[in-house]
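Structure first, then comments.
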Amino acid sequence: KTKNKKQDLENKTVPIKIDESKLHKLFCRKDSVSVQQHTIDSLTHLLSANRLNYVIDDKENFRVLESVLISPPYSSINCKGSNPVILRRIQDLLNGSTTTQQSVTTS
């Protein structure tokens, strides 16, 4: 019986809810505020250039087309939305902009 209980405990997984913003604060460099500001500016430019309506809230989250929320650090994995078509298009736009931002900053 003891062996079976031990195996049962080893095979169980416990879901853990992780607050991504707290992890970001724990593992980011101290100068990440300036990097984030640059990312806010870049995202603002990207959305405006593509004529997408957006609003920035007090926590620096972007709400795009009233259906997609983009949270810091503003990558495609930080997007949440109720409309899967718009969500995918915004994520694709962010993925495409990543290489553009890198080539601009490394030049």
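The values are calculated or read from the model by the stated rules, or taken from the named source; none is laboratory data. This is a predicted model, so every value here is computed, not measured. Backbone-built Cβ (ideal geometry, glycine too); neighbour counts: all protein chains shown. The area values use the complete protein model at the heavy-atom level, side chains included, leaving out ligands, DNA and RNA. Shrake-Rupley method; radii C 1.70, N 1.55, O 1.52, S 1.80 Å.
Evaluate the following for THR39: is it surrounded by 11 or more Cβ atoms within 10 Å (Cβ to Cβ) and modelled with pLDDT of 90 or more? Considered against the rule, which asks whether it is surrounded by 11 or more Cβ atoms within 10 Å (Cβ to Cβ) and modelled with pLDDT of 90 or more, THR39 comes out as no. Checking the stated criteria, LEU65 turns out not to satisfy the condition of being touching a Ser or Thr at 6+ places or on another chain (Cβ under 9 Å) and at pLDDT 90 or above. Taking the criterion of being at pLDDT below 95 and open to solvent by 80 Å² or more (accessible area, probe 1.4 Å), the residues of the stretch 69-83 that qualify are ILE77, SER82. Listed by first and then second residue, the pairs with beta-carbon distance under 8 Å, at least 6 apart or on different chains, first residue in the stretch 75-86 and under 21 Å from SER42 (Cα atoms), second open to solvent by 100 Å² or more (accessible area, probe 1.4 Å), are ASN78/GLU20. All of (1) part of a helix (DSSP H, G or I); (2) open to solvent by 100 Å² or more (accessible area, probe 1.4 Å); (3) among the hydrophobic types (A, V, I, L, M, F, W, C); (4) at pLDDT 70 or above hold for LEU47 with one exception: (2). State which residue is modelled with the highest pLDDT when the search covers only the stretch 15-32 and only residues that are surrounded by fewer than 10 Cβ atoms within 10 Å (Cβ to Cβ) and in a helix (DSSP H, G or I). Among them, the one singled out is LYS22.
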